Amino acid sequence: MNGIGMTSQRTRARLIERLREQGIKDEAVLAAIFEVPRHLFVDEAMASRAYDDVSLPINYNQTISQPYIVARMTEVLLAGDLLSRPLGRVLEIGTGCGYQAAVLARIAREVYTVERIKPLYERARKQLGDLKIRNVSVRYADGSVGLPESAPFDGIIMAAAAPTLSAVLREQLAVGGRMVLPVGMQEQWLYLVERDANGFRETQLEPVKFVPLLMGKA
Ligand code: SAH
């Protein structure tokens, strides 16, 4: 039973059912969400709600993303392409508590994740370390410029919304790479940017609600 208790097993299974109802189909993504202990990424006071399909507050005015959105973005990143698995190198901008990074760690060989708020960065690093997740590198930096020194990436996920689609970030995609990101201010849409030998293709996916991407370190 993977060391997961019976109660938790049931609440996690309910979450997976809920994600299926909302259209998440990728079994690898559903398995990753089932296995990552989301209750360890939220404050103890919130732990009883950890497997509800909602975003929850973490400190510093930030949130842990809703499981649906984590699943959806990861599924879009994988594109249903069974041949390209596991993904190679992935960048996440906006580590927050580290939950999405822990999910990505099960889907990609190498994950880089960047956070601009130092105490969040420190906590996420510790949490991922405690869980013995070794293929995630957590960086304290301004992710609005990506992570040029580790580029190119096969996938990029942004967990905070920029007002416009950044040309700087897409240049850090490998050919064949995919980037999933929220764009906009009050009204935000999820976008997919794909890079092939000829250039970039953008697809608008669905309305979303993310915290804003902020500049500089805090
Ligand atoms: N990925 C998280 C969600 C984090 S919320 C999860 O798994 O639940 C978005 C995060 O993006 C916040 O922690 C915020 O501090 C961070 N962020 C905002 N602007 C940033 C920037 N320019 N560089 C790095 N992180 C940023």
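If one takes the longest principal axis of the Cα atoms in the chain, at what angle in degrees, from 0 to 90 and to the nearest 10, does the Cα axis of helix 6-21 lie?
The angle comes out near 40 degrees.
Can you tell me the 0 to 90 degree angle between the C-alpha axis of helix 118-130 and the longest principal axis of the chain, rounded to 10?
60
Using Cα-Cα distances under 8 Å and only pairs 6 or more residues apart, what relative contact order does the chain have, in percent?
For the chain, the relative contact order is 15 percent.
How would you rank 55, 150, going from fewest to most other Cβ atoms within 10 Å of each one's own Cβ?
Result, fewest neighbours first: 150, 55.
Alpha carbons only, please: Rg and Dmax for the chain, in angstrom.
Every Cα atom of the chain included, Rg and Dmax give 16.2, 51 Å.
With θ set to phi - 60°, apply the Karplus curve 6.51 cos²θ - 1.76 cosθ + 1.60 along the stretch 112-117 and write out the HN-Hα couplings as whole Hz, x wherever there is a Gly or Pro.
Once rounded to whole Hz, the list reads 10, 9, 10, 10, 9, 9.
Grab the DSSP H runs of the chain that are 4 residues or longer, score each as -39,500 (n - 2.57), total them, divide by all residues and round the 222 nm result to the nearest 500 deg cm²/dmol.
Roughly -8500 deg cm²/dmol at 222 nm, from the helical runs in the chain.
Report ³J(HN,Hα) in whole Hz for each residue of the stretch 91-99, in order, from the Karplus equation J = 6.51 cos²θ - 1.76 cosθ + 1.60 where θ = phi - 60°; Gly and Pro get x.
10, 10, 9, x, 5, x, 7, x, 5
To the nearest 20 Debye, how big is the dipole of the stretch 3-208 about its Cα centre, given +1 on the beta carbon of each Lys and Arg and -1 on that of each Asp and Glu?
For this selection, approximately 520 debye.
Give the long-range amide H neighbours of residue 95: residues separated by 5 or more places, or on another chain, with amide H under 5 Å away, using H modelled in the peptide plane at 1.01 Å from N.
Answer set, sorted by chain and number: 114, 115, 116.
Based on the Kirkwood radius over alpha-carbon pairs, what is the Stokes-Einstein translational diffusion coefficient of the stretch 91-218 at 4 °C with 1.567 mPa s viscosity, in µm²/s?
Translational diffusion coefficient: 88 µm²/s.
Mind checking which aspartates and glutamates have their Cα closer than 17 Å to the Cα of residue 118? Skip sequence neighbours fewer than 8 apart in that chain.
Straight-line reach from residue 118, under 17 Å: 92, 142.
Coordinate-derived values only; no laboratory data. In this text the structure is predicted, and so the values were computed from the model without any measurement. Cβ sites come from the backbone with ideal geometry, for glycine too, and all protein chains shown count toward neighbours.
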